[in-house]
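A.B. asks: I have a structure here, written as structure tokens, and I will follow up with some questions on it.
Since every read-out is calculated from the coordinates, none of them should be taken as a lab result. Computed from a predicted structure; not experimentally measured. Please note: Cβ atoms are built from the backbone with ideal geometry, for glycine as well, and neighbour counts cover all protein chains shown.
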Amino acid sequence: MSRPEGGAELLVQGGSARFLMGSEDVEDGSMRSDMGLYDDEDEDEELLSERQIVVGICAMMKKSTSKPMTQIMERLCKFEYITVAIFPEEVILNEPVEKWPLCDCLISFHSKGFPLDKAVSYAKLRNPLLINDLNMQYFIQDRREVYRILLEEGIDLPRYVVLNRDPDRPEECNLLEGEDQVEVNGEVFPKPFVEKPVSAEDHNVYIYYPTSAGGGSQRLFRKIGSRSSVYSPETAVRKTGSYIYEEFMPTDGTDVKVYTVGPDYAHAEARKSPALDGKVERDSEGKEIRYPVMLTAMEKLVARKVCLAFKQTVCGFDLLRANGHSFVCDVNGFSFVKNSMKYYDDCAKVLGNMIMRELAPQFHIPWSIPMEAEDIPIVPTTSGTMMELRCVIAVIRHGDRTPKQKMKMEVRNALFFDLFEKYGGYKSGKLKLKKPKQLQEVLDISRQLLVELGQHNDCEIEEKKSKLEQLKTVLEMYGHFSGINRKVQLTYLPNGQLKASSEEEDSQREGPSLLLVLKWGGELTPAGRVQAEELGRAFRCMYPGGQGDYAGFPGCGLLRLHSTYRHDLKIYASDEGRVQMTAAAFAKGLLALEGELTPILVQMVKSANMNGLLDSDSDSLTDCQQRVKAHLHEIMQRERDFTEEDYEKLAPTGSPSLINSMKIIGNPVKTCDLVYALIQSLTRQIRRKLEDPKSANLQLYHSETLELMLQRWSKLERDFRTKSGRYDISKIPDIYDCIKYDTQHNASLALEDTLELFHLSKALADIIIPQEYGISRPEKLDIASAYCLPLTKKIQLDLQRTHEDEAVNKLHPLYSRGVMSPGRHVRTRLYFTSESHVHSLLNVFRYGSLLSEEKDEQWRQAMDYLGAVSELNYMTQIVIMLYEDNNKDPSSEERFHVELHFSPGVKGGEDDENAPLGFGFRPASSENHEKQTNPGSLEDLSQDAPDRAVLSDPICILKKSQLIRSRKTGSMEVLSESSSSSSRGSAYRLFPSCSRQSPEVKASGLGFEGCSMVPSIYPLETLHNSLSLKQVDEFLTAVCEDVGDTHSKTLKALSALFESQSMDVYSQSATTSPAPPDAPRSPLPHPEPPLCSQDISSPSSTMSSPGPPSPLLDPCVSE
């Protein structure tokens, strides 16, 4: 065979591969004849009989000679009867189509600079077999047409609307922009929403965030170096050009790219979403890191529909997996997977078979589709005493915050009632106003009433002027509304306020009124962000494993698990701004993200304010809480030293920390007198500083001023001591809150007696705060159930669901390179919440009879340790870890193993020396102590296969690493500490080392190196490390059933007081619908699914519900 006409070159040799560049025109005939490649009619008959099918590649040179194209075409040429010819770029651009090379099959696709019109003309002229339809490629360049076609095919896509700025069609250009939403042609899109240019060639896609998450926008663009997006504070949408506005889909920071080769083949890869932090993750060769994942049956059907609808055999499109569903958000047309040998093999095989099936009969080529056995996925197994980490559950309190403040006032003015009605307050009798527009309306009302009061002192405005001025001052703080700094609650009182507060002078008035509660402060501070981010970074160390680039680096087993899509992570947070920002900062540290918290918050953190999972209505206390608070107030108002009877009444559980605080206080009233005197001294000192010109404009921590600091303390001074001379004990937590904040963050003011006020208020708070959640054991359990029953049930569900549903991004075992255990999957559920839920959940474990202190020595030691902990500070953690031993029988109790860990959070500064000492993180059991390996060894953890933790050995991590930051909290060393009192052998500390073990931290006082204002966090302590899953499951079931029984008794007792309708509502929210006691229990880990653990992928309407619905039936919560 001689050279083809037109100077085409043979690029690939070996075997039967024929890979050609260019070919001369054959004047006649629209189809490339089998003789066209040969210019010698006297070739022997053997060559003539090998009629070749020529596959032409007509694309820009950058695309036609790319690595994926070259790899696939090389493989395609191994088909005996196929030859590949690449059209030279200069021919495509400069020559008429009549002079283009001939081919039998055409692979042609549009990219920047490609003359699609000429390619269409060529296809009409020569009529080759088209792999990708050319006319449809015009539609792919217009996002409006893409979405239209997707809709016509019944393919799910995000809710969207098109804004056409076309002078000829003004009806399609109606845009109304609000603070937290846009209205386009009558369709309202609350933030976050996405703004896409209608041209698919324009990659400047913007995502706009709500003010409650920090506002601003994320600006996406074509990758430039290691960036694919950047955060901008700009909140206004673009005012020129046409755009698609669509609903933002929460995907947990992951995008899925799907690549079809014909309707029956699809390859999917997941990557970090460019909108998350804008940093492109690249491997050692500089390529973007992506991992193949498995498609669900429904997603495979979508891939087939996309391929056929757009008539693109080779086609890429983007999937968003959100809330258990998959949505198509973009169709890219011709796209190849990069860096996957398995895909290159598959793609060439599918294309070759397709071409041969269509053209072989026409060329009289003997060919039949080869039949192949299906690939069988290999499931990794464990061996020896190794156990796989299967699930990590953590409940975490938010980070350091500014002091919370509250002001109550009764309002009767018609303007407030109008506002209450405007936002639907009469439906529930309550209204919460947090949005900037709503707060602005409250501010306008307060300004208007103050103006009227100033003009007419005798006017009929019943609201107190001082309260209105405070309302106005607080709402005017910072000069803008961020949506998470302040909130106003309005509650309808049909007969006015029942009990006047200590400040109210006037007698109660008749008629309805509104109770206005203004709350401000409580924002996450910069120190709180650092704490959360560093704790997230430290948290990685609980996950074993790491290989290749990750080998030997602390915490990188988690990064590898997550980046290879073997980590099912869900982060939930209550709806308070400080809690959500803590969760976002933690996620940033956990996953090594970069940039602002707003994009991370919107994409990674799920708001869990439904069904009381992480939120509670603190204004509506249970009867038990009311009794406990009244009892506390009674005891703390006695002007005498605590008696033995008081100790029995106030500390019936014998908690050492509680008894110690009572000894420090002695006489509660005299201690309150001293605290009050110290507050008066403090306000006097602040006033003097205000009068001093040198310090009048002093800027305090987190942009606070001396005036605001004085307001804060003056209000506490007024509220703490009532007009009758008695003390309002409920203000003690607020006093401690404020002095803790000022001693840590405003120590530079050098105010006198602050440490004495800190110690006394802490001693009082160490009694009041924990005992508000119950004094006796039954009270503690009753109040705990009111707060965290939904969370307890959710934790039980998380532990039971060891096999994931299809909605999870699962690594595809057949396509995974460098991942030696692709079947391995770890579920992580993180719950960020406030102090009330942490206290309540800990009380459930402490007082719910999980284990017997008499029979279990480790549990007794754990209870002694918890009893010595005086405060559940910021970043307190309760961590549950589930391990599986695949060698044990699935029905055996030894199959699943649960560990319970705890940390009291941030260190308390001056009292650090007296802090209780636990027994370390994952202490080795005594029988295995002799078998312990060298703590510095990484032999069991340095490989990715099998990515398991050794149950009997401690987590061992190298102490030095180039990946670790220089701050003390960044080092996360695992430190060994032996304790003579421990019968459990050596214990190893995870997370930041506390000052007992780290002289350099102790020497520097509070905080981390280079960040003196940020206290470090106590390491996790293991409460128990040899629980069976069956034990824990039965314990949680019993807790939920006991709560159900308690509530049902309460309902019977109150039946005379409530209407049947209200009873039904209460019953549905409070009871649990447990299985009958006689029902047989399936062996774990496949228990008979309770009502709340039905298949989450199915709609709620398909679930059978024999009793009232569980609060966990919400699919958003059940994941």
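A.B. asks: Output the peptides 239-245, 574-580 sorted from most to least packed, where packing is the average of other Cβ atoms within 10 Å over each peptide's residues. Write out the running numbers ahead of the final one.
C.D. replies: Numbers: 239-245: 15.9, 574-580: 24.3.
The packing order, highest mean first, is 574-580, 239-245.
A.B. asks: Based on the alpha-carbon gyration tensor of the range 234-294 and its eigenvalue square roots a ≥ b ≥ c, which shape applies: rounded if a/c is under 1.5, prolate if not and a/b is larger than b/c, or oblate? Before the final figure, lay out the partial values.
C.D. replies: Working: a/c = 2.34, a/b = 1.45, b/c = 1.61.
In terms of gyration-tensor shape, oblate.
A.B. asks: Something else now. Which of the peptides 250-259, 584-593 is most tightly packed, and how do the rest follow, judged by the mean count of other Cβ atoms within 10 Å per residue?
C.D. replies: On the way: 250-259: 21.1, 584-593: 25.2.
So the peptides 250-259, 584-593, ranked by packing, come out 584-593, 250-259.
A.B. asks: Does the range 606-765 come out rounded, prolate or oblate by the C-alpha gyration tensor, with a ≥ b ≥ c the root eigenvalues, rounded set by a/c under 1.5 and, if not, prolate when a/b is larger than b/c and oblate if not?
C.D. replies: On the way: a/c = 2.11, a/b = 1.37, b/c = 1.54.
The shape class here is oblate.
A.B. asks: May I ask you to derive the FRET efficiency for Arg726 and Leu749 from their Cβ-Cβ distance with R0 = 25 Å, giving the value to the nearest 0.05?
C.D. replies: 0.20
A.B. asks: Related question: At a 10 angstrom cut-off on C-beta neighbours, averaged per residue, how do the peptides 735-745, 886-896 rank from highest to lowest? The partial results should precede the final answer.
C.D. replies: Working: 735-745: 22.5, 886-896: 15.3.
In descending order of packing, they fall as 735-745, 886-896.
A.B. asks: Let me ask something additional. What is the spin-label model distance, in nm, from Asp864 to Glu648 if the labels are put 7 Å beyond Cα along the C-beta direction?
C.D. replies: Using points 7 Å along Cα→Cβ, the separation is 2.6 nm.
A.B. asks: Can you tell me, using C-alpha contacts under 8 Å and at least 6 residues apart, the relative contact order of the range 191-288 as a whole percent?
C.D. replies: Details: 169 pairs, mean separation 25.2, N = 98.
The value is 26 percent.
A.B. asks: Right, something else. Based on alpha-carbon centroids, what's the gap between the range 758-782 and the range 329-343 in Å, whole number please?
C.D. replies: 60
A.B. asks: Filter the trypsin sites (Lys or Arg not before Pro) in the range 82-133 to those in DSSP coil with at most 10 other Cβ atoms within 10 Å of their Cβ, and list the result. It would help to have the intermediate numbers written out before the result.
C.D. replies: Working: sites: Lys99, Lys112, Lys118, Lys124, Arg126; in loops: Lys112.
Filter output for the range 82-133: Lys112.
A.B. asks: Which lysines, if any, have their Cα less than 17 Å from the Cα of Lys888, not counting same-chain residues under 8 positions apart?
C.D. replies: Reachable lysines: Lys1030.
A.B. asks: Looking only at Cα atoms, what is the convex hull volume of the range 290-360 per residue, in Å³? List each step's numbers first, then the result.
C.D. replies: Details: hull volume 7.8 nm³, N = 71.
Spread over its residues, the Cα hull of the range 290-360 gives 109 Å³ apiece.
A.B. asks: At 7 Å along the Cα-to-beta-carbon direction for both Lys432 and Arg227, put a label point, then send me their distance in nm to one decimal.
C.D. replies: 3.7
A.B. asks: While we're here: Over 31 Å between C-alpha atoms is what I'm after, so list which of Lys427/Lys762; Lys78/Lys311; Lys435/Lys731; Lys191/Lys422; Lys606/Lys731; Lys279/Lys434 land there.
C.D. replies: On the way: Lys427/Lys762 41 Å; Lys78/Lys311 26 Å; Lys435/Lys731 28 Å; Lys191/Lys422 22 Å; Lys606/Lys731 33 Å; Lys279/Lys434 33 Å.
Over 31 Å apart, Cα to Cα: Lys427/Lys762; Lys606/Lys731; Lys279/Lys434.
A.B. asks: Something else about it: How long is the gain from Lys465 to Glu234 if the chain were fully straight, where each residue apart is worth 0.36 nm and the alpha carbon distance is subtracted?
C.D. replies: Details: separation 231, 0.36 × 231 = 83.16 nm, distance 3.80 nm.
Full extension of this stretch gives 79.4 nm more.
A.B. asks: Calculate, in nm to one decimal, what Arg282 and Lys888 gain on full extension: separation in residues at 0.36 nm each, minus their alpha carbon distance. Working shown, then result.
C.D. replies: Details: separation 606, 0.36 × 606 = 218.16 nm, distance 3.97 nm.
Difference between extended and current length: 214.2 nm.
A.B. asks: Pop a pseudo-label 7 angstrom from the Cα along the beta-carbon direction at both Gln455 and Leu700 and give the gap in nm to one decimal.
C.D. replies: Label at Gln455, label at Leu700, 3.6 nm between them.
A.B. asks: At R0 = 56 Å, how high is the FRET efficiency between Asp575 and Asp345 if r is their beta carbon distance? Nearest 0.05 is fine.
C.D. replies: 0.65
A.B. asks: Based on alpha-carbon atoms only, what is the radius of gyration of the range 61-148 relative to the globular estimate 2.2 N^0.38 Å?
C.D. replies: Compared with the compact-globule rule of thumb, the range 61-148 sits at 1.16.
A.B. asks: How about the range 86-162: which GluC sites (Glu not before Pro) there are in a DSSP loop, with at most 16 other Cβ atoms within 10 Å of their Cβ? Numbers along the way, then the final one.
C.D. replies: On the way: sites: Glu89, Glu90, Glu98, Glu145, Glu152, Glu153; in loops: Glu153.
Loop-located and lightly packed - Glu153.
A.B. asks: Given 0.36 nm per residue, what is the gain on full extension from Lys78 to Met298 after removing their alpha carbon distance, in nm? Before the final figure, lay out each step's value.
C.D. replies: On the way: separation 220, 0.36 × 220 = 79.20 nm, distance 3.40 nm.
Extra length from Lys78 to Met298 when fully extended: 75.8 nm.
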